[in-house]
Amino acid sequence: MLLKGKKILICGVANDMSMAWAIAKHAAEEGAEIAMPYAIPALEKRVRPLAESIGAKFVRECNVQNDEQMDALFVEIEKEWGHLDGILHAIAFSDRNELSGRYADTSRENFKNTMDVSAYSLVDLTRRSARLMNNGGSIITLTYYGGEKSIPNYNVMGVAKSALESSVRYLAADLGADGIRVNAISAGPIATLASSGVGGFKSMLKLNAELTPLRRNMTLDDVSGAAVYLFSNLSAGVTGEIHHVDCGYSTTGMIPNSLKDVLLNSDA
Ligand code: NAD
C-alpha cells in the first residue's frame with residue numbers, strides 16, 4: 001500500500017485505454033483515494049463506470065479551458081477533501097488535420113489551442129492544486145519524446161510537449177520549497193484515443209517495438225508503475241525530472257544491426 005490514504009486528482013481519463021485510467025486504477029490498488037473528472041459530457045458514460053469500480057469521487061465535467069468548471073471542481077475538492085496529495089495531468093489536444101504533413105503549415109489558431117490545452121493546463125492545474133497541498137505533494141504530467149526530437153507527424157504537439165517539459169522544471173523550482181514535487185513521465189507510444197489522431201501512428205508503433213533496446217513497446221502497467229513510484233514517498237528526492245518509460249528508445253542513437261541489414265539489404 002504505497003499510496004495509503006493519499007488523495008489524488010486524476011485528469012485525463014477518456015476510456016479504459018487511457019493511460020490516466022491505468023494510473024488511477026493502480027494508484028487505487030495502492031490505497032489512494034481518487035478524484036476523476038472528465039473533459040466533455042460525451043465521455044461520462046465511459047468514465048463513470050470506471051470511476052465507480054474504484055470508488056473514485058468528483059466524477060464531473062471539467063474542461064481545462066473552462067474556468068468556471070475548474071473553479072467548481074476545486075471548490076468541491078476543498079470542501080470535501082480539504083487537501084490534495086497528488087495530481088496527474090494526462091491531457092493533450094490538437095486538430096488532427098495538423099498532426100500529419102509539415103509542421104511548417106501549423107495554423108496560428110491550432111498552435112494557440114494546442115499549447116493552451118496541452119501545456120498551459122498543467123500550469124493552471126498546478127497553481128490550483130498547490131493551494132491544497134498543505135503536506136507537500138506530487139504532480140505528474142505525461143509527455144512524449146517528440147518534445148525532445150522531431151518525430152514525423154507529431155508536429156505542433158511536439159512543440160507543446162517541449163513547453164510542457166520546460167514547465168515541469170519551472171514549476172518544480174517554484175514549488176520545491178513547499179515540499180511539492182513536479183515530474184513528467186515521457187511515455188513510449190501506445191494505442192489510445194489521443195494517439196489515434198497522430199498520422200501513421202500504427203506503423204510507428206510497429207517500428208518503435210523493433211527499435212527499443214527491450215524490443216517491445218511500453219505497456220499500461222509500465223507507465224502506471226512509474227506513476228505510483230512518483231506519487232509515493234519512494235521518490236521523495238525526485239523533482240523537475242523527465243522520467244522516460246519508453247523501453248529505452250530515447251537512449252539509443254542508431255537503429256539496431258538487425259534492422260540495418262534489412263534496410264541496407266547487405267551483410268554489414
Ligand atoms: P487519451 O485520449 O486517453 O487521453 C487524453 C485525455 O485528454 C482525454 O481524456 C481527453 O478527454 C483529455 N482532454 C483533451 N482536451 C481536454 C480539455 N480541454 N480538458 C480536459 N481534458 C481534455 O490518450 P492518452 O494517450 O492516454 O493521453 C494522455 C497523455 O499522455 C497525453 O498528454 C498524451 O499526449 C500523453 N502521451 C501519450 C502517448 C501515446 O502514445 N498514447 C505517449 C506519450 C505521452
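The values are calculated or read from the model by the stated rules, or taken from the named source; none is laboratory data. Because the structure is predicted, anything quoted here is derived from the model rather than measured. Neighbour counts are summed over all protein chains in view; Cβ atoms, including those assigned to glycine, are modelled from backbone coordinates with ideal geometry.
Things to note:
- Flag for residue 114 being in contact (Cβ under 8 Å) with a residue 12 or more places away in the chain, within 16 Å of the ligand (Cβ to nearest atom) and polar (S, T, N, Q): yes
- Picking from residues in region 137-159 that are aliphatic (A, V, I, L, M) and out of contact with any strand residue (DSSP E or B) (no Cβ under 7 Å at 6 or more places or on another chain), the one that is nearest to the ligand (Cβ to nearest atom) is 157.
- Matching entry among 109, 68, 44, 52 (being closer than 30 Å to residue 176 by Cα, part of a helix (DSSP H, G or I) and not small (Gly, Ala, Ser)): 68
- Candidate set: region 160-189, residues that are aliphatic (A, V, I, L, M) and surrounded by fewer than 21 Cβ atoms within 10 Å (Cβ to Cβ); chosen: the one nearest to the ligand (Cβ to nearest atom): 163
- In this entry, residue 129 is excluded by the filter for residues that are in a helix (DSSP H, G or I), in contact with a Leu (Cβ under 7 Å, 6 or more places away or on another chain) and within 13 Å of the ligand (Cβ to nearest atom).
- Residue check for residue 40: of a type in the set (Val, Ile, Thr), surrounded by fewer than 19 Cβ atoms within 10 Å (Cβ to Cβ) and under 20 Å from the mean Cα position of the chain (by Cα): yes
- The number of residues in region 16-27 that are in a helix (DSSP H, G or I) and either farther than 24 Å from residue 126 by Cα or within 10 Å of the ligand (Cβ to nearest atom) (or both) comes to 5.
- Within region 28-48, the set of residues being more than 10 Å from the ligand (Cβ to nearest atom) and more than 15 Å from residue 69 (Cβ to Cβ) comprises 28, 29, 30, 31, 32, 33, 34, 45, 48.
- The residue that is surrounded by the fewest Cβ atoms within 10 Å (Cβ to Cβ), among those in region 73-86 that are hydrophobic (A, V, I, L, M, F, W, C) and over 23 Å from the mean Cα position of the chain (by Cα), is 75.
- Residue in region 102-118 that is among the hydrophobic types (A, V, I, L, M, F, W, C), in contact with a strand residue (DSSP E or B) (Cβ under 9 Å, 6 or more places away or on another chain), within 19 Å of residue 89 (Cα to Cα) and surrounded by 18 or more Cβ atoms within 10 Å (Cβ to Cβ) present: no
- All of 59, 13 fail the test of being more than 11 Å from the ligand (Cβ to nearest atom), in a loop (DSSP other than H, G, I, E, B) and on the phi < 0 side of the Ramachandran plot, apart from 59.
- Residue 167 farther than 30 Å from residue 133 by Cα, in a helix (DSSP H, G or I) and modelled with pLDDT of 95 or more: no
- Considering residues of region 227-243 that are within 12 Å of residue 169 (Cα to Cα) and not charged (D, E, K, R) only, the residue surrounded by the fewest Cβ atoms within 10 Å (Cβ to Cβ): 238
- Qualifying residue in region 66-85 (condition: within 16 Å of the ligand (Cβ to nearest atom), aliphatic (A, V, I, L, M), touching a residue at least 40 places away in the same chain (Cβ under 8 Å) and closer than 26 Å to residue 245 by Cα): no
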